[in-house]
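A short worksheet on the structure shown next.
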Amino acid sequence: MLFIIVTAIAYYSMIFTRIPDLYYITPTLLCYTVLIILRFHDNVEFEYSVLVRDCFQQEIKIKIKAADRNIIGKQIDQYLNLQFDRMVKRTA
């Protein structure tokens, strides 16, 4: 809605006033920039989870904070590499 309002004001300034281009384009671009930053700045947009099996082979879904996602991803990669190495040693 705010994009439409900013665009309407810019078109009105462009068509119906005698303001030089720089005086209405610069504020319009600044408004668009602020609106885009406000729209895409949400850090809590995604929810990460991992399925984990316990010793009884029951699956448990665990939610992960966005800040911890990279650390847990590295630990999962290390575990998968270790499992792969074990499988290679068994077959070799």
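The values are calculated or read from the model by the stated rules, or taken from the named source; none is laboratory data. None of these values were measured; they are calculated from a predicted model. Cβ placement follows ideal geometry from the backbone for every residue including glycine, while neighbour counts extend to all protein chains displayed. Just so you know, the surface numbers come from the protein's heavy atoms only, side chains and all, with ligands and any DNA or RNA stripped out. Shrake-Rupley method; radii C 1.70, N 1.55, O 1.52, S 1.80 Å.
Surface listing: I62, I37 arranged by accessible area from highest to lowest gives I37, I62, probe 1.4 Å.
Averaging the sequence gap over all C-alpha pairs within less than 8 Å and six or more residues apart, then dividing by the number of residues, gives the chain a relative contact order of 17 percent. D by Stokes-Einstein for region 1-53, Kirkwood Rh over Cα pairs, 37 °C, 0.692 mPa s: 241 µm²/s. With all protein chains in place and a 1.4 Å probe, the accessible surface of the chain carries 64 percent carbon and sulfur.
Helices assigned as whole DSSP H runs in the chain whose Cα atoms extend at least 15 Å along their own long axis and whose mean Kyte-Doolittle hydropathy is 0.0 or higher are found at 2-16, 21-40. The alpha-carbon atoms of the chain, seen along their principal axes, cover 80, 30, 17 angstrom, with the largest extent given first. Ranking M14, M1, M87 from most to least accessible surface, computed with a 1.4 Å probe over the protein chains only, gives M1, M87, M14. Computing FRET efficiency as 1/(1 + (r/R0)^6) for F84 and R39, where r is the C-beta to C-beta distance and R0 is 41 Å, gives about 0.50.
What number comes out for the charge environment of R53, summing +1 per Lys or Arg and -1 per Asp or Glu over other residues with Cβ under 15 Å away?
-1
When the surface is traced with a 1.4 Å probe over the full set of protein chains, C31 keeps roughly 60 Å² accessible.
Of the chymotrypsin sites (Phe, Trp or Tyr not before Pro) found in region 22-76, those in coil by DSSP whose Cβ has at most 11 other Cβ atoms within 10 Å are F46, F56.
In terms of its C-alpha gyration tensor, region 45-92 comes out oblate, because a/c is 1.5 or above while a/b does not outweigh b/c. Accessible surface for the chain, divided over its residues, is 96 Å² per residue with a 1.4 Å probe.
Take D85, D54 and sort them by solvent-accessible surface of the protein heavy atoms, 1.4 Å probe, largest at the top.
Details: D85 80, D54 50 Å².
So, going from the largest accessible area down, we get D85, D54.
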